[in-house]
Amino acid sequence: KQTQNDYMEEFLPRQSRFLEVLIENEAPPSPRKCAARCGKTANWRCVSCLGSPVYCIKCLRFCHERTPLHKVEVWTSTPENSDEGFFRPSSLLVAGVKVNLGHGGFRCPATIKPSVDSSEEGVEVEEELEVEEDIPPILADNPDLVLQYDRQGNPIVVTVDSSGVHRVAFRRCQCADCWETEDIQFLRLGFYPASYQQIKTVFTFSVLDDFLADNRECKTSCYQYFEKLRARTASTSLDDTPNRYHELSRVIRQWRLMKYLKWFGFAHSKKTPGRGELALFCATCPQPGINLPDDWEDDEDELLYMRSFVMDGNFTASHLKPKHPENDVRLTDGTGMMTSRGNYEDHLSKATEKKAKNDCNATRALNARIQQVGTRATGIGATACARHGCFAPCSVVDFQKGERQANMDYSLYQALKSTNIKSIKHILEIYDVMCQFSKHMEERWEEGEYLEWPSDKVLHQGIGTFHVRGHVARCFHRYALSYIQGAGMIDGEILETLWSVLNHISPCTRGASEAHRDEILDDHMNHSNWKKLVRMPRSLVSKFFRAERFVEETADALEGLTEKNNEADIEQWTLKAQEVQEQRLNKVEAMDWYTADVPKDPGRADRQLQLVEKELKEPKKGLRGIAAVLSDGLRIEEIQYVPIPTLPKNNTNEELDAEDIVMILPSKFRKSTLDKMGLGQLRNDEIELRCGQATDALDDLRSELGRKAFEHVQKRKIPSKKHKTRGWMAIHNQEAKVREITSIYRMARKSL
């Protein structure tokens, strides 16, 4: 199979010939005859048509009646010789091409003068232009220089297409019985008007679709996209191209709404979209009446149909205070992923915070009150299905002063309300700070006017696998997903992956109006759910085969563990585990039973002390103090693994650098060699110290990973760029420590 470099190697000998062909394409054909085979001299070339053919002006008009947005060039020759010259940019407007309104693109009969001779067909009112007219520059956005009408009185409209910004003459329908307004006539031809009276700017449907695709996949802002169109129109005169950025930002909101109304079936109904009816949700999560069998409630294994949700906050998606919020026009409100504003604001005004004792070092984020100057919202909070990562409709809320309980309570309640849980009994809730959030949760919901406690559900509460490592030790067994029956193989961190994508569009929404921001976030979250939906079959098949393989491996491991223990102990453990799982729903402290009461394995210092005591009790000639020597050797090896970039490398061959010197320890020799020398005891002593070294490394690694997780949580809550930079420095320092400790452990394991 060829690599990218192989293809590049094949290109190099072709480079010069490719360049020659590109230059040859710039030259006119010889002879310069019309490609339509009329025999006339061709002075026009269309660079948008296949092969860039040349035409006479008459054939150019005829061939471009249905393609008025093609880019053309006109031949400019010298006075002395008409065959010497060059093609310069022009337009189909200059060539006399017009777009007909009102008759599906065909000429309105009222604009055709009937012939005196009945045997002849009608002729056009306008005279045919055989040469290029002396029209002012068509790219200048200046009413004093640009014609608003052509010679026949047809309006010249700025037409924005994915190929660039054009000026196109539109011939109106002049039928006496024409009942459709001008904006509808534009729509029927695939042009979306920016206004509805005296239309001066239209957008093609293709450019609107192209912008939505760029915005969703490349996170291109409206401003950046229109600057690209201006560069594509005239790269040497960007400021001369009409600026229709504001028109595009207005029209794209309307176009996006039209697309959603069509996709969700409201085009043939007078019904107005209701709560969450313009949003997609996960098609794979268990939903009664959709993807569950009719007799699913008869299944004794209720946990098989557990629904899992994950909650999280994102402080990158902040929003500035608008200057005139009272003038904001909403096209949607609560029909997508963003929650409805009215009830949410009322809920925040009435909700009360139930403060609990801060008994975990990871809960400071929940108690923080982050307020950025000049912002209306400091971030957003959302709820998604924990297994497949689909945003829940109506569950995305704005933060006002950090990640408060009132915000996330409302998000979770809206998710439960909008995701068809109906008769599903078991619900798993995952949150980074669930150990703190779950306290007084039922009390808050019962007191809330816009909340309703799901008394008919069994709520299981957990913490994501990554974040739980940053909590105190007791939170692991109480909230880790691996200890919750029915949770399955999930990490509870899938919202982090969704935020990483959404964060690229957040700068575009920071200064937008409140309504426009909600529409953009709705669109991107819906698009994320759509991509999850279409890729779900392949993902599920892949997970199924991987699960089959893991089941066999875990079955073998379980069988081996069972053989090593007696049946009485296994039965006792099983009964106790079932009892603890039942108790955890009401008293999570019951999960502390899983905490292994195992004495800590001695580290290197303790093992060295044991060896020293052994030397004192059993003195051997010539081996006194060997434990201290070996321990010093191990410590020097560890120091060698720590990089010191400030020290210059010694480039001479006479001496070695200190970090490159190999420590002569018993593990560097064969066992037989040490036995022959009578130093077998040294080997056993090093094994003891190496075991302690590995134990210390594992303990340090657990601690550093916990600190790294905590730093990640803290960094996400920091509002300013300055402190975020410091937060990243702290994370990078932790990563460096983790790498050092990992190297030490691998060194100890290799020596063992």
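The values are calculated or read from the model by the stated rules, or taken from the named source; none is laboratory data. Just so it is clear, the model here is predicted, and its values are computed rather than measured. Glycine also receives a Cβ, built like all others from the backbone with ideal geometry; neighbour counts cover every protein chain displayed. To get the accessible areas, we keep the full protein, side chains included, count just its heavy atoms, and leave off ligands, DNA and RNA. Shrake-Rupley method; radii C 1.70, N 1.55, O 1.52, S 1.80 Å.
Quick rundown of the values:
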| quantity | calculated |
| --- | --- |
| DSSP-loop trypsin sites (Lys or Arg not before Pro) across the stretch 392-445, with at most 11 other Cβ within 10 angstrom | Lys422 |
| Accessible-area value, Tyr305, 1.4 Å probe, nucleic acids and ligands omitted, Å² | 30 Å² |
| Percent antiparallel among DSSP beta bridges (both partners in the chain, rounded to 5) | 65 percent |
| Cross-link reach list, lysines versus Lys40, counting only Cα pairs under 18 Å and skipping chain neighbours closer than eight places | Lys58 |
| Candidate residues Asp239, Asp632, Asp699, Asp518: accessible-area rank, largest first, probe 1.4 Å | Asp239, Asp632, Asp699, Asp518 |
| The stretch 243-381 - percent of accessible surface contributed by carbon and sulfur, probe 1.4 Å | 50 percent |
| Which of Gly603, Cys390, Ser308, positive extreme of dipole for the chain (C-beta unit charges) | Gly603 |
| Test item: Cα-centred dipole of the chain, Lys/Arg +1 and Asp/Glu -1 on Cβ, debye | 1400 debye |
| The stretch 156-308 - charge dipole about Cα centre, Lys and Arg +1 at Cβ, Asp and Glu -1, debye rounded to 20 | 1420 debye |
| Residues of type lysines that Lys671 reaches as a straight line, Cα spacing below 19 Å, ignoring anything fewer than 8 places off in the same chain | Lys750 |
| ³J(HN,Hα) computed for each position of the stretch 464-472 - Karplus, 6.51 cos²θ - 1.76 cosθ + 1.60, integer Hz, glycine/proline x | x, 4, 6, 6, 5, 6, x, 8, 5 |
| Helix-only CD estimate at 222 nm, as mean residue ellipticity for the chain, using -39500 (n - 2.57) per DSSP H run (n ≥ 4) | -13000 deg cm²/dmol |
| Flagged links, alpha-carbon separation over 27 Å, of Lys354/Lys587; Lys355/Lys422; Lys417/Lys531; Lys355/Lys401; Lys354/Lys600 | Lys355/Lys422; Lys354/Lys600 |
| Convex hull of the stretch 451-557 built on C-alpha atoms - directionally averaged projected area, nm² | 11.1 nm² |
| Debye, to nearest 20: dipole size of the stretch 483-629, +1 on Lys, Arg Cβ, -1 on Asp, Glu Cβ | 880 debye |
| The chain, accessible area per residue, ligands and nucleic acids excluded (1.4 Å, Å²) | 57 Å² |
| Overall form of the stretch 381-466 per C-alpha gyration tensor (a/c, 1.5; a/b vs b/c) | rounded |
| Charge dipole of the chain about the Cα centre (unit charges at C-beta), most positive-ward option of Met337, Gly625, Tyr410 | Gly625 |
| The chain, relative contact order [Cα under 8 Å, separation at least 6], % | 9 percent |
| Value of relative contact order over the stretch 181-331, rounded to a whole percent, pairs C-alpha under 8 Å and six or more apart | 12 percent |
| Relative contact order of the stretch 404-498, pairs being alpha-carbon contacts under 8 Å that are 6 or more residues apart, as % | 27 percent |
| For Arg478, solvent-accessible area (1.4 Å; no DNA, RNA or ligand), Å² | 40 Å² |
| Accessible area of Leu19 in the full protein assembly, 1.4 Å probe (Å², nearest 10) | 100 Å² |
| Of Leu540, His460, Tyr260, farthest towards positive along the dipole that unit charges on Lys, Arg, Asp, Glu beta carbons give the chain | His460 |
| Percentage of interatomic Cα-Cα distances in the stretch 1-119 larger than 17 Å | 68 percent |
| The chain: proportion of alpha-carbon pairs further apart than 47 angstrom, % | 46 percent |
| Extension reserve of the Gln152-Val472 stretch, reckoned as 0.36 nm per residue once the Cα distance is removed | 107.1 nm |
